[in-house]
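The values are calculated or read from the model by the stated rules, or taken from the named source; none is laboratory data. Everything quoted here is computed from the prediction, not taken from an experiment. Cβ: placed from backbone, ideal geometry, glycine included. Neighbour counts: every protein chain shown. Keep in mind that these areas ignore ligands, DNA and RNA; they rest on the heavy atoms of the full protein, side chains included. Shrake-Rupley method; radii C 1.70, N 1.55, O 1.52, S 1.80 Å.
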Amino acid sequence: QVQLVESGGGLVQPGGSLRLSCAASGSIFRLYIMGWYRQAPGQQRDMVATITGGGSTNYADSVKGRFTISRDNAEEMVYLQMNSMKPEDTAVYYCKAMWLENSYWGQGTQVTVSS
């Protein structure tokens, strides 16, 4: 069982930056692939970025070059640095932990990009 708590969401202007954090607890963190997903109103939940325990990353095309996912295995944290933000980045952002057939979600944090 893994517990995930996101923080860092809020309101940001277009072109601005925001950093999301996800604190994990309850299992062997380094074994898990960690990811950030987002869901806009009326839309499906989509992958934003993932990172393996060894640090290999994968990004959605829409955020490549603007967002950076990172993790600290010792602190059991995963981060999403979001730069050059656009209104279409507005969504609830969720942290996800994945290992074998198991997956766990955080409660989500709202990110709004608006002037």
Query - Within the accessible area of the chain (1.4 Å probe), percent carbon and sulfur - result: 47 percent
Requested in this report: Take the chain, drop everything but the C-alpha atoms, weight them equally and run the Debye formula without solvent; then report log10 I(q)/I(0) at 0.09, 0.10, 0.14, 0.22 Å⁻¹ to two decimals.
Outcome: -0.21, -0.26, -0.51, -1.22
Query raised in the report: What percent antiparallel are the DSSP beta bridges of the chain, to the nearest 5?
Result: 95 percent
Query raised in the report: Between Glu75 and Gln1, what length comes free when the chain is fully extended (0.36 nm per residue of separation minus the Cα-Cα distance, one decimal in nm)?
Result: 24.9 nm
Query - Length-normalised contact order for the chain - Cα pairs under 8 Å, 6+ apart - percent - result: 37 percent
Requested in this report: Please give the length that would be gained between Thr112 and Ile28 if that part of the chain were fully extended, namely 0.36 nm times their separation in residues minus their C-alpha to C-alpha distance (nm, one decimal).
Outcome: 27.0 nm
Query raised in the report: Just the accessible area per residue of the chain, please: how many Å² with a 1.4 Å probe?
Result: 51 Å²
Query - Positive minus negative residues near Thr52 (Lys, Arg vs Asp, Glu; Cβ under 11 Å) - result: +2
Report task. Please label the shape of region 29-94 as rounded, prolate or oblate, based on the square roots a ≥ b ≥ c of the eigenvalues of the alpha-carbon gyration tensor (a/c under 1.5 means rounded; beyond that, a/b larger than b/c means prolate, else oblate). Result -> prolate
**Report entry** Length released on extending from Glu101 to Ser21, taking residue separation times 0.36 nm less the Cα-Cα span
**Finding:** 26.4 nm
Query raised in the report: Could you give the distance between the Cα centres of region 92-115 and region 1-68, to the whole Å?
Result: 6 Å
